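Here's the structure we're looking at; comments come further down.
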Amino acid sequence: MIPVRCFSCGKVISNYWDEYKRRVGDGEDAAAVLDDLGITRYCCRRMILSHVELVDVLSPYQ
Amino acid sequence: MEVDILELSDRSAKFVLSKVSTSFANGIRRAMIADVPTLAIEYVNLYDNTSVLYDEQLALRLSLIPIVTDAETYVPQAECDVCGGEGCPACEVSLTLSAEGPGTVYSRDLISSDPKIQPADPTIPIVELKKGQKLVLEAVAHMGYGRDSVKWQAGVACGYKNVPVINIQNCDACGHCAAECPKGIIRFEESGAKVSEEDILKCSLCRLCEQVCDIHAIKVDFDENAFVFTMESDGSYTARDLAINAANVIKGKAEEILSILDQF
Ligand code: SF4
Ligand code: SF4
Ligand SMILES: [Zn+2]
Ligand SMILES: [Zn+2]
């Protein structure tokens, strides 16, 4: 799961993940989406850019 | 003290604070980060958790969700006179959550016992549940201080810089400084280099322009008693309330010192 807040500055960024994933999946440019969502600092941007979703990988091994 | 607001929205603010000392400006900054109490989830009773996350991870995620705080109704638990720090309706609020997969559990699924107290953002994902996975819990939120844990930190990215002062004298209009400035704020006119009133606040005081000027015509300095402040709130308070609360915290501390001194 995407971390709730940015590790560095503490801004809540997880609530943008769904929209980011959808819009980038639709072919929009990641940088433009982040600008549009108001994620301006690079500490917050890397949280979303570098996130890998692992729930689907882990869920069969309960 | 003078305050000149440049930008103000619900969650963020930018203003010029002038005619104050550096220590006062820093006091405000620190109070916004560490000394304005907010509500955050402190312990969780888990009745059922078959999700992919461990109980501890789940509790961590819950604790980081900012909660809209009503500082008039609730008091920090350590200072609660009613219960002496044990936990009572004056200092804590309970939120319940019960969900079954498939689907993602969001912060809006938390049901608060006090309708005024709600997560600040409704769409924070807590955990994704697969078919048949279940989550039933009760979370208890306290008032606490940012100095004890980030989850109680209301101010995000609060900072300031001195107001820049740029003096240009005997300029020979060579244009080197305008080309060097990373902020692109030095304009170039026939009479020489110029920086406009509003652009000057964007200057980062990097002094690259000074270094490239062969005849030392440009001097970058700053006003020691004026600050450009930027601040953001995590949503527990509006940016305006956060700044006001921070100032009140400092006032309260100053009054406390006075009353201690009076006893001697
Ligand atoms: S100090 Fe840096 S930012 Fe400021 S005017 Fe000079 S080059 Fe530009
Ligand atoms: S580098 Fe110096 S001389 Fe050249 S334009 Fe800038 S201030 Fe004037
Ligand atoms: Zn950040
Ligand atoms: Zn109490």
So, in the stretch A:47-62, of the ones that are farther than 14 Å from residue A:18 by Cα and surrounded by fewer than 15 Cβ atoms within 10 Å (Cβ to Cβ), which residue ends up nearest to the other protein chains (Cβ to nearest Cβ)? A:58
Please find, within the stretch A:9-19, the residue that is farthest from ligand 3 (Cβ to nearest atom) out of those that are closer than 12 Å to residue A:38 by Cα and more than 7 Å from chain B (Cβ to nearest Cβ). A:16
Identify all residues within the stretch B:37-48 that are farther than 13 Å from residue B:93 by Cβ and either within 11 Å of chain A (Cβ to nearest Cβ) or aliphatic (A, V, I, L, M) (or both); write none if there are none. B:44, B:46
Single condition residue A:39 does not satisfy, out of (1) surrounded by 12 or more Cβ atoms within 10 Å (Cβ to Cβ); (2) assigned to a helix (DSSP H, G or I); (3) not acidic (Asp, Glu): (2)
Can you pull out the residues in the stretch B:40-58 that are among the small types (Gly, Ala, Ser) and farther than 19 Å from residue B:146 by Cβ? B:51
Listed by first then second residue, the pairs whose first member lies in the stretch B:20-31 and is outside any helix (DSSP H, G or I), whose partner is not polar (S, T, N, Q), with beta carbons under 9 Å and at least 6 positions apart or on separate chains, are B:20/B:1; B:20/B:2; B:20/B:28; B:20/B:226; B:20/B:227; B:21/B:224
When every residue in the stretch B:148-176 that is within 30 Å of residue B:60 (Cα to Cα) and either without any contact (Cβ under 8 Å) to a residue 60 or more places away in the chain or of a type in the set (D, E, K, R) (or both) is compared, the one farthest from ligand 1 (Cβ to nearest atom) is B:148
Reported set for the stretch B:87-114 where residues are over 16 Å from residue B:40 (Cα atoms) and within 11 Å of ligand 4 (Cβ to nearest atom) is none
Residues (part of a loop (DSSP other than H, G, I, E, B), within 13 Å of chain A (Cβ to nearest Cβ) and surrounded by 18 or more Cβ atoms within 10 Å (Cβ to Cβ)) located in the stretch B:111-128: B:120, B:121, B:124
Which of (1) within 9 Å of chain B (Cβ to nearest Cβ); (2) in contact (Cβ under 8 Å) with a residue 40 or more places away in the chain; (3) within 9 Å of the chain's Cα centre (by Cα); (4) farther than 23 Å from residue B:130 by Cβ is the odd one out, the single condition residue A:6 does not satisfy? (3)
Residues being of a type outside the set (Ser, Thr, Tyr) and in a strand (DSSP E or B) - total across the stretch B:138-169: 20
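The numbers here are math on the coordinates, done by the rules we state, and not lab data. None of these values were measured; they are calculated from a predicted model. Cβ atoms come from the backbone with ideal geometry, glycine included; neighbour counts cover every protein chain shown.
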